[in-house]
Amino acid sequence: MKSRLPGALLNLLDQATRQSGLATTLKTSIIQLILDGVIAHHERLPSTRSLANDLKISRDTVEAAYQQLDAAGFLIRRTGSGTFAVSPEKPEAWTRGFNAKPATVGLSRSILPPLSVRGTDIEVAGGVVDQTDIHPFVAAMPDIDSFPLRVWQRLGARIIRSADRSLLMYGDAQGYLPLRDEIWRYLSTYRGVRCDTSQIIVLTSSQQALTLVANLLLNPGDLIGVENPGYHGAKLAFLAAGAFLKPLRIDNEGMVVSEIENGDVPVQAVYVTPSHQYPTGATMSPARRSALLEWSATTGGWIVEDDYDSEYHYEGQPIASLQGVDGSDRVIYLGTFNKVLFPSLRLAYLVVPKPLVKPVVAARTLLDGQSALMSQVILSEFMKGGHFSAHIRHMRMLYKSRRDLFVVNLANHLGEYVTFNPPTGGMSIACFLREPFTEELTVSAATEAKIELPTLRRLYLGGRGPEGWLLGFAALRPEIAERAMALLARTMEDSHKS
Ligand SMILES: Cc1ncc(COP(=O)(O)O)c(C=O)c1O
């Protein structure tokens, strides 16, 4: 079928200047047609050669316009299969630079910045910002005051005292072997992961793991299914690799797996937090787990399982990992020590199917070479001495009691403003604002009271979701949390009156 684009464009271009800035005019005209719906989402655009022929302009001009459209997120170019329009109204496009004001973000980028297309995507998305101190109600933060620092110091001092030159040299890029052995022991005992030590790769963070996975497994333009709402760090890693995101709804059984295949474009991979979904806290039901594994076995799609805080389950037995029941070798499992021990540790791990070990290790050598050897040695001794499992047991009890008090205080002080379900695990609680309260109003009242209210809506693709808060409870002493809630309630009442 011949494209309708050249005819429609000739009309628009005739009205516009055909002299300087023709590429920009062409770009703006194409954006106009996309926004007006004349060019449909995912519609194939003509090649630069054929459009240049039809419009009787140079191919370089069309190429420059396409590059600008690509940088602005209005199209995606797939080598070998063509160029496709992206409508900012479509869910997959929402985070390709279309977060807040769809049309203006793209249009304001009429001058190509001195960055690559990927660099532009990263700049627009803004990266991941980690909190550098603990205060009410920073989300997903561990209680670092309860970390057995003395034990760590003692082990560290002993290791440094007896260090030989090997501790000062480069180590294994895949990770210090005794630490990988300890991780294997822990994962197979407590998380039901089935692997051997050769499949474990020690990294600095879950974020690094996600970036590696995104770049090694996804081509620009590929579609990855992500939980909606879901972890922003994962979405940013996939977007930075040029992937498109397909939002998958969450209900009380976790990800709605049947939505993976409800579109024309095949999904290459799915990112999931099955043990408790971030941020809702839902645990994936056995039926959904089977359906997800079935999807991956039949399509060959990858499952990226982020088991980020599975240590903290407060009701009954924690659910085992998906990796352990996958019979098709399609699950990539990731976990982190930065939440369970302390954030500055910068140690995490990936468990991958055997054929992926070499490429993942090669890719990590290009990022940061390897994780710091000294910390890996201390951690392996910490685990070997039983301190790791003792710490988890202690923190599980502490966080459970904090959660219990937190939900009681939340209902007492702020029940008028929000609804919530007590989470069965994790370190944060998702709260949904009652009508007519909004994130904007409550955050501004909180700011006045010097309280941070991490918001919920931003965790939905394109910011299109219910208004609410994601409150961290694990790192806060109950009296501090309660004082902050009372203060917040007072400030909101005052601002409501005025
Ligand atoms: C779901 C999820 N995965 C991963 C992480 C980040 O872990 P890391 O600090 O190891 O990158 C977080 C942090 O909040 C998270 O919520």
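For region 180-328, what is the accessible area per residue in Å², given a 1.4 Å probe and the full set of protein chains?
33
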Notebook entry, point to check: F437 accessible area, nearest 10 Å², 1.4 Å probe?
Noted result: 40
Next item on the list: With just the Cα atoms of region 132-256, tell me how far they stretch along each of the three principal axes, in Å, largest first.
Entry: 52, 38, 30
Notebook entry, point to check: Whole number please: convex hull volume per residue of the Cα set in region 251-392, in Å³?
Noted result: 143
Notebook entry, point to check: Using modelled amide H (1.01 Å from N, peptide plane; none on Pro or chain starts), what sits under 5 Å from the amide H of L75, excluding residues fewer than 5 places away?
Noted result: D70, V86
Next item on the list: Please give the net charge around F342, taking every other residue with its beta carbon less than 11 angstrom from that of F342, where Lys and Arg add +1 and Asp and Glu add -1.
Entry: 0
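Would you please classify the overall shape of region 190-304 from the alpha carbon gyration tensor, given that a ≥ b ≥ c denote the square roots of the eigenvalues, rounded means a/c under 1.5, and beyond that prolate means a/b larger than b/c while oblate covers the rest?
Details: a/c = 1.34, a/b = 1.06, b/c = 1.26.
Rounded, because the longest to shortest axis ratio a/c is under 1.5.
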Next item on the list: Output ³J(HN,Hα) for region 246-254: one whole-Hz value per residue in order, computed from phi by the Karplus curve 6.51 cos²θ - 1.76 cosθ + 1.60 with θ = phi - 60°, and x for Gly and Pro.
Entry: 10, x, 10, 4, 10, 10, 6, 9, x
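Using just the helices of the chain, give the 222 nm mean residue ellipticity in deg cm²/dmol: DSSP H runs with n ≥ 4 each add -39,500 (n - 2.57), and the total is spread over all residues, rounded to 500.
Values: 16 runs with 209 residues, N = 498.
Computed ellipticity for the chain at 222 nm equals -13500 deg cm²/dmol.
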Check: Per the 1.4 Å probe, what fraction of the accessible area of the chain, in percent, lies on carbon and sulfur atoms?
Finding: 54
Item checked: Distance between region 358-396 and region 167-231 - C-alpha centres, whole angstrom -> 11
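Give, rounded to the nearest 20 debye, the magnitude of the charge dipole that the chain has about its Cα centre when Lys and Arg contribute +1 at Cβ and Asp and Glu contribute -1 at Cβ. Present the calculation step by step, with values, prior to reporting the outcome.
On the way: 50 positive and 50 negative charges, 193 e Å.
Dipole about the Cα centre, nearest 20: 920 debye.
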Notebook entry, point to check: Rounded, prolate or oblate: which fits region 399-498 when a ≥ b ≥ c are the square roots of the eigenvalues of the alpha-carbon gyration tensor, with rounded for a/c under 1.5 and prolate only if a/b beats b/c?
Noted result: oblate
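Below 14 angstrom from the Cβ of S206, what's the summed charge of the other residues (Lys, Arg +1; Asp, Glu -1)?
On the way: positive: K235, K339, R346, R364; negative: D130, E305, D306, D307, D309, E311.
Once positives and negatives cancel, what remains is -2.
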Item checked: Order of exposure, largest accessible area first, which applies to L456, L167 with probe 1.4 Å -> L167, L456
Notebook entry, point to check: With all protein chains present and a 1.4 Å probe, how do R364, R249 order by accessible area, largest first?
Noted result: R249, R364
Check: For the chain, what is the convex hull volume of its Cα atoms per residue in Å³?
Finding: 168
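The values are calculated or read from the model by the stated rules, or taken from the named source; none is laboratory data. Predicted, not measured: the structure shown is a model, and the values here were computed from it. Because the Cβ atoms are built from the backbone with ideal geometry, glycine has one as well, and the counts that use them run over all protein chains shown. These area figures cover heavy atoms from the full protein model, side chains too; ligands, DNA and RNA do not enter into them. Shrake-Rupley method; radii C 1.70, N 1.55, O 1.52, S 1.80 Å.
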